[in-house]
Structure formats: C-alpha cells, structure tokens
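So the structure is just underneath, and the comments pick up after that.
The values are calculated or read from the model by the stated rules, or taken from the named source; none is laboratory data. Keep in mind the model is a prediction, meaning the values are calculated, not measured. Glycine gets a Cβ as well: all are built from the backbone with ideal geometry, and neighbour counts include every protein chain shown.
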Amino acid sequence: MSPVEPLVRIQNLHKYFGPLHVLKGITLEVAPGERLVIIGPSGSGKSTLIRCINRLEDFQEGTVTVDGMDVKDDRLLPKIRREVGMVFQQFNLFPHMTVLENVTLGPIRVRRLSRAEAERKAMELLERVGIADQAKKYPGQLSGGQQQRVAIARALAMEPKLMLFDEPTSALDPEMVGEVLDVMRDLARGGMTMVVVTHEMGFAREVADRVVFMDRGEIVEEAPPEAIFTRPKEERTRAFLQRVL
Ligand code: ADP
Ligand code: MG
C-alpha cells in the first residue's frame, strides 16, 4: 500500500460502446499532486478513459473513485464533478457569454459565490492565464489559444482538486500551442494534480511524473518519461514512439 491515498483509483475498468470493447480492464491510480500523461494512437480509448473519471461516460465493469468517492454513486456525482475540472480539445465555451461570464457562471451557480466575489476571483485567474484584458469580449472574438486559456481559467474557478485535459492543444494553430502549454506548465508547478492526454511529447517529457501508453483499450506500458522515451520495454510502445517522435 502506498502511504498516500490516491486521488483517482481506477480498477479493472471495462467499457463497451455496443459491441465495441473500448476499455479492456484498465487499472490505474493517480496520486495527489501527480502529473500523469496518457499517450497512444487515435482510437485507443484515451478520451473514453478520462471521461470515465468524472463519469461523462458510463462504464459496465470495474470501479472508479475520485478522492475516495465512487463515481457510480449518483448522490456523490455532483460533488465529484465539482472537484474535477476538464478541458477539451474544442474549448466548449458558451459563445453568447463574455469571457468573464464564462468564468463566473459555475462559481455563482454551483459554488454560490456572490457576483462580486466570483468576478474578483475570475479576474485573478484571467490574469494568471494572461488574458485579463479580454474579459469583456466574447469567445468568438478570441484566438483559439486565448479561448483555451479561458477554458482553463473557467475550470480553475471551481477550485478543482484534479484537472483532466483531453488533447487541449490539438485544435490549435501551431503558433498558439506554446501559450496553452505554458499555462499548463504553470499549473503543474503550482502542484495541481493533472491527467493529460496529449501528443505533445516535449511537454510529456518535461512535465509528466509518469507516462502511460495505451493501445487498443489497454495500458501497454507505464513509466517515468525518461524511461519510456529512451528505453520503452514494449514493442508496441516503441513502434508508436517511432511514428510520433
Ligand atoms: P482516443 O481518444 O484514444 O482517440 P476514444 O476514447 O475517443 O479514443 O475512442 C475509443 C474507441 O471508441 C474508438 O474506436 C471510437 O471510435 C469509439 N468510440 C468513442 N466514442 C464513441 C461513441 N460515443 N459511440 C461509439 N463508439 C465510440
Ligand atoms: Mg481522444
């Protein structure tokens, strides 16, 4: 037993989409403060796996707990979702709301903060991600990189214990990838527990405590980045890394 209780504990997770067996017995733990990066080919189940952590996807077998709470327990699910922030490839901002409104909505509605308090905190967060000057604009008026930074600020406004990122830079023009990775690096330095699906191998190498390689619904290999990138043990890992590095 590890001395520290894991923040996320996934045991023997199986997920089917109809006849398609998408997750084939995933067992994985994430410690508080850990930065886990998940890599693997398209269609290997990475998105499905992280969506099971806050039960955006239901699953047929196995258990997932967050902070000791079973995600299958419907009474606990709202609390779990408050503790888990998520950032998607497509930023998923509310287009008819300003940046500031996007970031204050959750805290006002769910955390019951006053508007003034929510706005004060939102401005701090927008400052932190470098877009305080865009607060009054609408998402459509921002670049992709700026929108993704708003999405990160919006998730952080709920004061999550865990942040999930599903290919947060994959929809961005190349020149905007860096500004989003910088924000994520900053978050990692601040001690946030993070699970990141990404194809940015440089980021994985620099930020991850542990890298998980998935293929066809299984965890093929997991290791610290240095080990997995320089001496992968499994042939499937080697073949994948050869294609992407
Ligand atoms: P990845 O994120 O690694 O690219 P996904 O988790 O998105 O992989 O998908 C894993 C598999 O599940 C793929 O074969 C995909 O086509 C399938 N899949 C994903 N979402 C759905 C869905 N909502 N309905 C049916 N099949 C799905
Ligand atoms: Mg995916």
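Some notes on this structure:
- Verdict on THR65 being surrounded by fewer than 18 Cβ atoms within 10 Å (Cβ to Cβ) and part of a strand (DSSP E or B): no
- The residues of the stretch 178-224 that are over 17 Å from the mean Cα position of the chain (by Cα) and in a strand (DSSP E or B), listed by number, are ASP215, GLU218, ILE219, VAL220, GLU221, GLU222, ALA223.
- Pair list, Cβ < 8 Å and 6+ apart or interchain, from the stretch 126-154 residues that are touching a residue at least 24 places away in the same chain (Cβ under 8 Å) to residues that are assigned to a helix (DSSP H, G or I) and small (Gly, Ala, Ser): LEU126/ALA132; LEU126/ALA153; ARG128/ALA153; VAL129/ALA153; ILE131/ALA153; ALA135/ALA122; ALA153/ALA122; ARG154/GLY106
- Under the condition of being within 16 Å of ligand 2 (Cβ to nearest atom) and either small (Gly, Ala, Ser) or more than 20 Å from ALA239 (Cα to Cα) (or both), the residues counted in the stretch 204-223 number 2.
- Filtering the stretch 7-30 to residues that are closer than 14 Å to ILE53 by Cβ and more than 15 Å from ligand 1 (Cβ to nearest atom) leaves LEU7, VAL8, ARG9, GLN11, THR27, GLU29, VAL30.
- Contacts under 7 angstrom Cβ, first residue in the stretch 32-50 being more than 22 Å from ASP209 (Cβ to Cβ) and modelled with pLDDT of 95 or more, partner near ligand 1 (Cβ under 7 Å from one of its atoms) and in a strand (DSSP E or B), 6 or more apart: THR48/VAL22
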